[in-house]
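The values are calculated or read from the model by the stated rules, or taken from the named source; none is laboratory data. Note that this is a predicted model, so its numbers are computed, not measured. Here the Cβ is made from the backbone with ideal geometry for all residues, glycine too, and neighbour counts use every protein chain on show. Only protein heavy atoms, including side chains, enter the accessible area calculation; ligands, DNA and RNA are left aside. Shrake-Rupley method; radii C 1.70, N 1.55, O 1.52, S 1.80 Å.
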Amino acid sequence: MKVRLIIIAVLLIVGLLTSLFSTNKLTRFCLYTPLKVLLISLGLALILWIVSGSIFNGVDMKQYMNVDNKELFFYPFFVCFSCALASYSIFLCKISSVRENFLLSFISFLFLPLFIAFWIVSPQIPSKEYYMQTAYYSLAFIFPQTYFFIDFWKKTQNGTWIG
């Protein structure tokens with residue numbers, strides 16, 4: 001688990017340092033989109049957490065607050081933070097072959113962050129019901145990330161990133 005977090009932290013720091021002073025529109029988009037998605041998804045996660053009491057009736061909510069003596073009161077926020085942190089994989093869209101291919105850009109925007117986030121979150125929670133909750137709370141990430149993917153794809157088709 002620690003190795004996974006260290007790898008992601010190193011990639012995040014390298015990406016931030018290389019693009020912080022860039023004037024390239026695509027680089028700025030790749031840098032700030034995960035931050036925007038994080039803020040929006042945290043708000044949506046709060047709403048989903050409030051609504052989750054009626055959805056997860058069969059699940060003991062107090063139990064999911066404590067797993068292996070680890071407090072997970074902020075579990076929805078942890079899921080959104082993991083997804084948003086992993087969404088820095090959109091830097092792969094700086095490669096022209098990825099940027100111009102719909103499937104590859106979709107994978108870098110949505111599939112890869114969700115896969116990485118589940119890879120981080122999954123070992124923490126051993127129960128099947130927590131996988132269901134992780135999928136539920138990842139909706140707070142999917143909606144804004146999909147919006148930014150559509151925005152990215154429109155700009156790609158218009159040629160905004162060229163030059």
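Observations
- Pick from segment 86-117, criterion among the aliphatic types (A, V, I, L, M) and open to solvent by 40 Å² or more (accessible area, probe 1.4 Å), ranking: modelled with the lowest pLDDT: Leu112
- Filter pass, Ala140 being open to solvent by less than 40 Å² (accessible area, probe 1.4 Å), modelled with pLDDT of 85 or more and under 16 Å from the mean Cα position of the chain (by Cα): yes
- Flag: Thr18 matches the condition of being in a helix (DSSP H, G or I), open to solvent by 80 Å² or more (accessible area, probe 1.4 Å), at pLDDT below 85 and over 21 Å from Ser82 (Cβ atoms).
- Of the numbered criteria (1) of a type outside the set (A, V, I, L, M, F, W, C); (2) open to solvent by less than 20 Å² (accessible area, probe 1.4 Å); (3) modelled with pLDDT of 65 or more, the one Thr23 fails is (2).
- Beta carbons closer than 7 Å, at least 6 apart along the sequence or on distinct chains, pair a first residue in segment 88-107 that is within 21 Å of Ile7 (Cα to Cα) with a second that is open to solvent by 70 Å² or more (accessible area, probe 1.4 Å) for Tyr88/Leu11.
- Residue match in segment 34-42 (condition: among the hydroxyl-bearing types (Ser, Thr, Tyr) and at pLDDT 80 or above): yes
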